[in-house]
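Participant: Sharing a structure with you now.
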Amino acid sequence: MPCDFLLKPVWEDVSEAQEVWFGVLLTGKAAKATEPLHWLLYAALTWGFWKERRWAWPAAALYVGQIAVGMLVWSLLDERGGGVAQGGVALLLFGALAVALWRYGSKLSSPSPS
């Protein structure tokens, strides 16, 4: 990701730039314009985990959950996606990861029994 933003042309020739949001592939200037949003999300989650903030686990679970749904959407919309079967498998795998993150995070944020 840093190579995409720092080494590839920023605004002169953005024809190869690609970003995926909620399963929708953005290309060109739209991709370049939204690329820093991914950086902000990753930086916020990294900081949250590093500082052991309670919100980091549910935020990560929600982000992975939207990736799960996004992979299904992408599989249906993009010709390289592989269709419902491949998207369904991705949805199940990433969905299971999202549920695991959510459950683990809820254990951390609940008070421990005395």
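Participant: Do you know which of the residues in segment 51-85 that are open to solvent by 50 Å² or more (accessible area, probe 1.4 Å) and out of contact with any helix residue (DSSP H, G or I) (no Cβ under 9 Å at 6 or more places or on another chain) is nearest to Ser106 (Cα to Cα)?
Facilitator: Lys51
Participant: Hey, among Leu40, Leu92, which residue is open to solvent by 70 Å² or more (accessible area, probe 1.4 Å), part of a helix (DSSP H, G or I), modelled with pLDDT of 90 or more and closer than 25 Å to Thr27 by Cα?
Facilitator: Details: Leu92 fails: closer than 25 Å to Thr27 by Cα.
On inspection, the qualifying residue turns out to be Leu40.
Participant: Every residue in segment 20-37 that is open to solvent by 70 Å² or more (accessible area, probe 1.4 Å) and farther than 25 Å from Val89 by Cβ, please.
Facilitator: Thr27, Lys29, Leu37
The values are calculated or read from the model by the stated rules, or taken from the named source; none is laboratory data. In this text, all values refer to a predicted model and were calculated from it rather than measured experimentally. Cβ: placed from backbone, ideal geometry, glycine included. Neighbour counts: every protein chain shown. Accessible surface is based on the protein model in full, side chains and every heavy atom, while ligands, DNA and RNA are left aside. Shrake-Rupley method; radii C 1.70, N 1.55, O 1.52, S 1.80 Å.
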